[in-house]
Every structure is written in structure tokens, then in C-alpha cells.
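Heads up, the thing below is written out as C-alpha cells.
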Amino acid sequence: MSLIESSNNHTRRLRRRGGRMHLGEDILLARHGSNISSLRLDRRANRMVATLHDGSIDCASNSLLPVHPSPLARIGQQIEAVREDKASVSRAEIRTLVKFSAIWLAISVLFTAGVIALALTTGSSEALNSAAFYPAY
């Protein structure tokens, strides 16, 4: 049943018999009304296609919001783009970033171990507590 009630025979002819009306069909009826010659459902694109009396074609989606890929599918697409070197970041740039990150991690671990070793060699329990629990280290 359409949201637009009309006594026009043309609108009644376009109304679907049985089942629910698609959102795109309702949108197209609101846009063009009695100027619609025929309606068809494009299942692949999930939209309604209207052919108007003047021969022009108009489409309306059957969904309110576009369907986005899942986060896992999006990550898969990004990995595939990097493998094929089609991503905005090249493989060489990623390798360089990984190298710098590994060097930074090694320096951080060495610095932390050095501070704890220095606190242990001083013999002061106060220095050991400061080195182990002070957030600046």
C-alpha cells in the first residue's frame, strides 16, 4: 500500500499487489507521481528504477544508509592494496617505519634497563623504588 492515496488509475496500476512497498518506490512516487510509466526493482544495486512518460529514467535506493564493509573486510582490502602497491603508503615506507619503530623500542628497553641497573647498584632502596615506580621513567 502506498503512502500516497490517489484515485488516479495510473497510480493504482503502479501499486504493487501483495507484499511491502520498497523505499525506493515510495521515493520515486513522491518525486514524479503520475509521470511514471513503469517501475522495476534492480536487485543487484538494491534500488528502484522508474521509467517516466518522456523516456527518461530515475533511480532511488531502497536503503536509508549505505552498506559499509565490515572492519575485517576493510583491513583485508588495505592489506591487499599494500601487497599490490596500490595503497597511499608504499611498502618501502612501511619497512622504514617498522625499522625506526624497532630501533626506538630497543633504545627504550636499554634506557629502562639502565635506569633500573643504576638504581640497583647504588644500594639505596629509595632509588630503587623511584626507578621502578616513578612514571617519568
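The values are calculated or read from the model by the stated rules, or taken from the named source; none is laboratory data. Since the structure is predicted, the reported quantities are computational estimates derived from the model, not experimental observations. Positions of Cβ are backbone-derived with ideal geometry, glycine not excepted, and every protein chain shown enters the neighbour counts. When the accessible area is computed, the model is the full protein with side chains, heavy atoms only, and any ligands, DNA or RNA have been set aside. Shrake-Rupley method; radii C 1.70, N 1.55, O 1.52, S 1.80 Å.
Things to note:
- At an R0 of 30 angstrom, the distance between the Cβ atoms of SER125 and SER101 translates into a FRET efficiency of 0.25.
- Whole-Å distance, taken between Cα centres, linking the stretch 27-70 and the stretch 92-112: 54
- Sulfur and carbon atoms: percent of accessible area, the stretch 28-116 [1.4 Å]: 62
- When the charge dipole of the stretch 71-134 is built from unit charges on Cβ atoms (+1 for Lys and Arg, -1 for Asp and Glu) and taken about the Cα centre, the candidate among ALA119, SER108, VAL82 whose Cα reaches farthest toward its positive end is VAL82.
- Overall shape of the stretch 14-78 was characterised from the C-alpha gyration tensor. The equivalent ellipsoid obtained from it has semi-axes of 30, 13, 9 Å, in decreasing order.
- Rounded if a/c under 1.5, otherwise prolate or oblate - the stretch 42-137, Cα gyration tensor axes: prolate
- Potential lengthening between PHE133 and GLN78 on full extension [0.36 nm per residue; Cα-Cα distance subtracted]: 15.8 nm
- Derived value for the stretch 66-106: Kirkwood hydrodynamic radius 11.8 Å. Basis is the mean of 1/r over every pair of different alpha-carbon atoms.
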